[in-house]
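The values are calculated or read from the model by the stated rules, or taken from the named source; none is laboratory data. Keep in mind it's a predicted model, so treat the numbers as computed, not measured. We place every Cβ from the backbone using ideal geometry, glycine too, and count neighbours over all the protein chains shown. The area values use the complete protein model at the heavy-atom level, side chains included, leaving out ligands, DNA and RNA. Shrake-Rupley method; radii C 1.70, N 1.55, O 1.52, S 1.80 Å.
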Amino acid sequence: TVEFYAVLALVAGYAAGELGAARVRSRRPVRDVAWIREELARVAEVAALFRRGDSLLAEPVPDLAEPLARLRIEGSVLEGRQLAGIHQLIVSARRVQTDLRRIRDAAPLAALLEVEPPPRQHERRLEQSIDPDGNVLDSASPALSAARREVHAARQRLIRRLESVLRSLDASGGGESAVTMRGGRYVIPVRRDLRTRPGGIVHDESASQGTLFIEPSEAVEFGNALREAEVAEERETLRVLRELTSELRPEHSTLRASFEMCLAVDDLVARARYAVAVAGEAPAVSPAPAPLIVRIGRHPLLLAGEREVVPF
């Protein structure tokens with residue numbers, strides 16, 4: 001009747017992140033007068049900060065429900081993108097904590113949301129190991145850096161050998177005359193009717209069937225060496241991910257608390273920003289039965305429109 005959930009959607013639009021907005025939208029009416037008064041007072045504190053030209057930082061955080069659940073399982077390994085999300089959470093939580101501490105005197109109820117994020121060593125370790133897209137960096141370990149150098153060197157040796165075979169073929173028989181990949185292996189294009197076609201493994205053919213993609217016999221050993229180097233790199237990458245996950249596992253409860261702090265602050269700041277935007281004030285609340293007194297009341301959904309709203 002009062003279109004409560006439509007109004008919540010308006011308030012959610014002031015959140016910094018989607019999870020904070022979802023937290024606002026998930027709110028439901030309650031009957032606990034003491035809780036209601038405390039929530040209203042907390043919003044009023046932050047709204048007063050904004051009206052004075054001050055602020056409270058709200059940081060968007062990624063959805064970490066799955067990685068935090070997996071982190072609890074002994075022996076589990078988080079993926080790179082999940083570790084990147086945890087790094088983002090730690091950075092955001094530290095910023096939010098610092099700002100809550102700053103406004104402690106002006107907004108003591110809001111400051112109660114403060115929790116201590118994981119130690120900075122985890123932040124630094126993740127920063128040097130995982131990029132924002134979840135890729136494992138060379139700086140994650142000396143062994144990984146060495147393995148990637150070997151992959152690069154092995155690839156270059158293979159490509160040089162294939163290019164040498166291409167040059168030895170007739171110009172008319174080289175097809176596209178460029179090294180390419182088929183089925184995860186480096187190959188060269190060779191015309192099917194070429195009389196001096198090199199021996200080797202045929203991995204594919206062109207749509208017209210006039211060109212074969214061949215891995216020459218003399219390059220198979222180089223291709224195998226590249227694959228061995230890639231396997232060594234993959235093995236070291238997995239070791240790094242396992243090590244990072246193991247280092248974070250003891251911080252599971254701290255990470256969860258940090259995650260909750262960021263969402264709670266985003267939810268709070270969204271409500272305070274909305275209060276300022278609509279010139280809203282915290283009402284006095286009394287248990288029923290009590291008189292309902294509305295002063296300068298305006299419907300939130302009408303306020304969201306373009307026409308002038310006459311107060312009730």
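Distances between placed amide hydrogens fall under 5 Å for residue 182 paired with 187, all partners being 5 or more residues away or on another chain.
Think of each Lys and Arg Cβ as +1 and each Asp and Glu Cβ as -1; about the Cα centre, that makes the dipole of segment 120-166 roughly 280 debye. Kindly express, to the nearest 10 degrees and within the range 0 to 90, the angle between helix 120-129's C-alpha long axis and the longest C-alpha principal axis of the chain. Helix 120-129 and the main axis of the chain meet at about 30 degrees.
Name the trypsin sites (Lys or Arg not before Pro) in segment 1-92 that are in a loop by DSSP and that have at most 15 other C-beta atoms within 10 Å, would you? Don't skip to the end; give the middle numbers.
On the way: sites: 23, 25, 27, 31, 37, 42, 51, 52, 70, 72, 81; in loops: 27, 31, 52, 72.
When the trypsin sites (Lys or Arg not before Pro) of segment 1-92 are filtered for loop state and at most 15 Cβ neighbours within 10 Å, 27, 31, 52, 72 remain.
With all protein chains in place and ligands, DNA and RNA left out, the 1.4 Å accessible area ranks 66, 215, 114 as 66, 114, 215, largest first.
The angle separating the long axis of helix 252-277 from the principal Cα axis of greatest extent in the chain is about 50 degrees.
Kindly provide the helix-only [θ] at 222 nm of the chain, computed as the sum of -39,500 (n - 2.57) over DSSP H runs of four or more divided by all residues, to the nearest 500 deg cm²/dmol?
Values: 11 runs with 169 residues, N = 312.
The helix contribution divided over the chain gives -18000 deg cm²/dmol.
Starting with the highest mean, order 148-154, 283-289 by the number of other Cβ atoms within 10 Å, averaged over the residues of each peptide.
Details: 148-154: 16.0, 283-289: 9.6.
Top of the packing list down: 148-154, 283-289.
Taking Cα atoms, how many degrees apart are the long axis of helix 217-248 and the longest axis of the chain, rounded to 10 and kept between 0 and 90? Between the helix axis and the principal axis of the chain, the angle is about 20 degrees. If only the Cβ of Lys and Arg carry +1 and only the Cβ of Asp and Glu carry -1, the dipole of segment 155-251 around its Cα centre is close to 320 debye. When the chain is described by a simple charge dipole with +1 on each Lys and Arg Cβ and -1 on each Asp and Glu Cβ, the residue from 111, 15, 297 located farthest towards its positive end is 297.
Give me the percent relative contact order of segment 95-159, please, defined on Cα pairs under 8 angstrom at least 6 residues apart. Answer for segment 95-159 is 16 percent.
With bins 5 Å wide beginning at 0, the percent of Cα pairs of segment 19-128 falling in each bin runs 2, 10, 15, 19, 18, 14, 11, 7, 4, 1, 0. Restriction of the GluC sites (Glu not before Pro) in segment 254-312 to DSSP coil positions whose beta-carbon has at most 10 other beta-carbons within 10 angstrom yields 306, 308. Net charge dipole, segment 42-185: roughly 400 debye, given to the nearest 20, about the Cα centre with Cβ charges of +1 for Lys and Arg and -1 for Asp and Glu. Candidate values (i) 25.4; (ii) 21.0; (iii) 24.7 were compared with Kirkwood radius over Cα pairs in Å computed on the shown model; the agreeing label is (iii). Highest GNM mean-square fluctuation, the chain, Cα pairs closer than 10 Å: which of 59, 233, 247? Greatest mean-square fluctuation among the candidates belongs to 247.
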